[in-house]
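Novice: Before I ask anything, let me first share the structure, which is written out below as structure tokens.
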Amino acid sequence: IFYQVYPQSFYDSNGDGIGDIPGLIEKLDYIQWLGCNAVWMNPCFDSPFNDAGYDVRDFYKVAPRYGTNADLKRLFKEAHKRDMRVLLDLVPAHTSADHPWFVQSCRPDKNKYTHWYLWTDSAWSWQKEGFSLIRGASDRNGCYLPSFFASQPALNLGFARPDPKQPWQLPVDHPDVKAVRREIKSILRFWLDAGADGFRADMASSVVKNDPGWKETSRFWREVRDLLDKHYTEAALLSEWSTPSAAIAAGFHADFMIHINDTAYDALFRQEIWRNHWTRRNAPSFFDKQGKGDITAFLKPFLNYQAKIRRKGHICVPSGNHDISRLAYGRSSRELELAFAFLMTLPALPLVYYGDEIGMKYLRHLHSKEGGYERTGSRTPMQWTGGKNAGFSTAPKNKLYLPVDSAPGAPNVEKQSRKNDSLLNRVRQLIQLRRSAPALGRDGKLTLLCAERGKYPLVYLRRAGRQRYLVVLNPSGQDQTATVILTAKEKPKKLIGRGRIDFLPHGRRTNLIAGPSGYGIFQISDGD
Ligand code: NOJ
């Protein structure tokens, strides 16, 4: 079970207003208490922070605001002591424009880094080349290709199909392209040797240009996987690709199903709320109380991917991340609990985005910070206590990385950990249940009992050996009914839930009534 930490907003140990690695180390016990056993931390490397650290200036050095390389090594050690793993963020598609490699690449004279980035042959060719290029950035006579923002020039991992009419497009086996690829592998090795347990790979699907079907992109990642299989057999690779069938075939151990490349994830939690740049869907989502969503829009592709990847890898379905609105936006704590009940009983790897376990809100009206724009509202400081700065930092308020949620009644860990049926304790129980029951994990069989287009509730069975669990979820605000095949002898024993779930046996079938925002996870015994 992953826990995603946005380092600048998690816990500030030195009172400068920004979260840091020693702060994260102090909070490892909390993450462990919650039941998560792997941490993915967003980039923590030296950077001018035009894109919150996704613009790396030195891949081999921890950003001073987060601490030192020694602190990061201590984080690995402390996590391992607790039987937890730490994944770093690998950003292979671009660097910061301030990176010394790019500074060299900008020079008009030919040097080692001339071809490390994607430059056209003329400063005047920005319109002709079919890419959206940056012009006039330096004395070098050419335009460069940005990978994300203008301040993130794309590293040159080659073109799968270079256009012979545009000689600046280098093939994947060009010696300079190979040098860039070697460098990426050496970054990986550097941190694995220091004790990291693996990486989440940023923009994994777009490292090679003009690559229909991701053929050369996959070949690159296969090489990376071979390196791990040879030298780091315990290390894990998780991709930001959102097409698990392609990512697992390319060598990733797991891939996120999220808001990019697909609309399936949005169909669960988010579309009428904040339609961001990536979201193409425009229909209600299943976990909204209007009850107008369609669970098959998620389940169909999900099951399709599962069938394709079989046991070769995992799909990770997160509660959220730093690029989208928070799960809590527009939802009550009870509705959130229900969403977590789904995430913890799905045959996928769960990930809790920091703060989602207490229902932290999406702060919509904040000014953009470090290239966050709308994303900024999902990146505010973790709310630990009801005290100063929500216990995040001792710095004066105006020094905080971002403002804390100051709304009366804003959730915090301290308050919720004391209340038995708080969201935090419920999420914790759901995680414990998930971890104690193999049937609920990835290897348990999933049988859909009621999962039809436009219908509520969602009902499914999870099974491993003789262990069977029935999951009933009704995110809608009305009573919903379903008929499932359960004999009178098969008695559902409730393990956790909220609201009304009634079973009315009727011969070999059972009529089931699920109250508004009601859910339940039941163990099914054979009655013998
Ligand atoms: C995806 C990351 O999640 C996002 O935060 C970042 O801005 C882009 N990649 C560019 O690196």
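Novice: Under the Karplus relation 6.51 cos²θ - 1.76 cosθ + 1.60, θ = phi - 60°, what is the ordered set of whole-Hz ³J(HN,Hα) values for the range 179-196, x standing for Gly and Pro?
Specialist: Each residue of the range 179-196 in turn: 5, 4, 5, 4, 5, 4, 5, 6, 4, 4, 5, 4, 7, 5, 5, 7, x, 5 Hz.
Novice: Is the shape of the range 109-174 rounded, prolate or oblate, going by the alpha carbon gyration tensor and its root eigenvalues a ≥ b ≥ c, with a/c under 1.5 for rounded and a/b larger than b/c for prolate?
Specialist: It comes out rounded by the Cα gyration axes.
Novice: Evaluate the relative contact order of the chain (contact order divided by residue number), counting alpha-carbon pairs under 8 angstrom at least 6 apart; express in whole percent.
Specialist: 12
Novice: Show me 415-421, 353-359 ranked by packing, highest mean number of other Cβ atoms within 10 Å first.
Specialist: 353-359, 415-421
Novice: Rounded to the nearest 5, what % of DSSP beta bridges with both residues in the chain are antiparallel?
Specialist: Bridges in the chain that DSSP calls antiparallel: roughly 60 percent.
Novice: Which of the peptides 42-49, 12-19 is most tightly packed, and how do the rest follow, going by the mean number of other Cβ atoms within 10 Å of each residue?
Specialist: Final packing ranking: 42-49, 12-19.
Novice: Compute the convex hull volume of the Cα atoms of the range 410-490, divide it by the residue count, and report the result per residue in Å³ as a whole number.
Specialist: 160
Novice: Using only C-alpha positions, report the orientation-averaged shadow area of the convex hull of the range 227-364, nm², one decimal.
Specialist: Its average projected convex-hull area is 8.7 nm².
Novice: Taking H placed 1.01 Å from N in the peptide plane, check which residues at least 5 places from residue 353 or on another chain put their amide H under 5 Å from its amide H.
Specialist: Answer set, sorted by chain and number: 4, 319, 320.
Novice: What FRET efficiency do you get for residue 141 and residue 70 if R0 is 51 Å and r is their Cβ-Cβ distance, rounded to the nearest 0.05?
Specialist: Calculated value: 0.70.
Novice: Now, a different point. Can you work out D for the range 179-308 in µm² s⁻¹ from Stokes-Einstein, where Rh is the Kirkwood radius over C-alpha pairs, the temperature is 20 °C and the viscosity is 1.002 mPa s?
Specialist: Stokes-Einstein gives a translational diffusion coefficient of 132 µm²/s.
Novice: So how do 162-169, 492-499 stack up, highest first, on mean other-Cβ count within 10 Å?
Specialist: So the peptides 162-169, 492-499, ranked by packing, come out 492-499, 162-169.
Novice: Quick one: length gained pulling residue 103 to residue 502 fully straight, 0.36 nm per residue minus the C-alpha distance?
Specialist: 137.0 nm
Novice: Quick check on the range 466-524: take the gyration tensor over C-alpha atoms, sort the square-rooted eigenvalues as a ≥ b ≥ c, and tell me if it's rounded (a/c under 1.5), prolate or oblate.
Specialist: oblate
Novice: Through the Karplus equation 6.51 cos²θ - 1.76 cosθ + 1.60, θ set to phi - 60°, convert the phi angles of the range 115-120 into ³J(HN,Hα) values in whole Hz; use x for Gly and Pro.
Specialist: Per-residue couplings from phi come out as 9, 6, 10, 9, 10, 6 Hz.
Novice: Here's another thing I want to ask about it. What is the angle, in °, between the Cα long axis of helix 69-81 and the longest principal axis of the Cα atoms in the chain? Nearest 10 is fine, range 0 to 90.
Specialist: 30
Novice: Moving on. Pairs to check: 369/397; 110/215; 110/178; 178/308; 81/445; 388/419. Give those whose C-alpha atoms are more than 26 Å from each other in this structure.
Specialist: Over 26 Å apart, Cα to Cα: 110/215; 178/308; 81/445.
Novice: Determine the gain in length on full extension of the stretch residue 385-residue 225; use 0.36 nm per residue of separation and subtract their C-alpha separation, reporting nm with one decimal.
Specialist: Separation in residues times 0.36 nm, less the Cα-Cα distance, equals 53.4 nm.
Novice: In addition: When the Karplus curve 6.51 cos²θ - 1.76 cosθ + 1.60 is applied with θ = phi - 60°, which whole-Hz ³J(HN,Hα) does each residue of the range 214-230 get, with x for Gly and Pro?
Specialist: 6, 5, 6, 4, 5, 4, 4, 5, 4, 4, 5, 5, 4, 4, 5, 4, 7
Novice: By count of other Cβ within 10 Å, fewest leading, how are 191, 101 ordered?
Specialist: By the 10 Å Cβ count, ascending: 101, 191.
Novice: Checking the a/c ratio against 1.5 first, then a/b against b/c, what shape does the Cα gyration tensor give for the chain?
Specialist: Verdict is prolate for the chain.
Bear in mind these aren't lab numbers, they're just calculated from the coordinates by the rules spelled out. On a predicted model such as this, the values are computed, not experimentally measured, just so you know. Cβ sites come from the backbone with ideal geometry, for glycine too, and all protein chains shown count toward neighbours.
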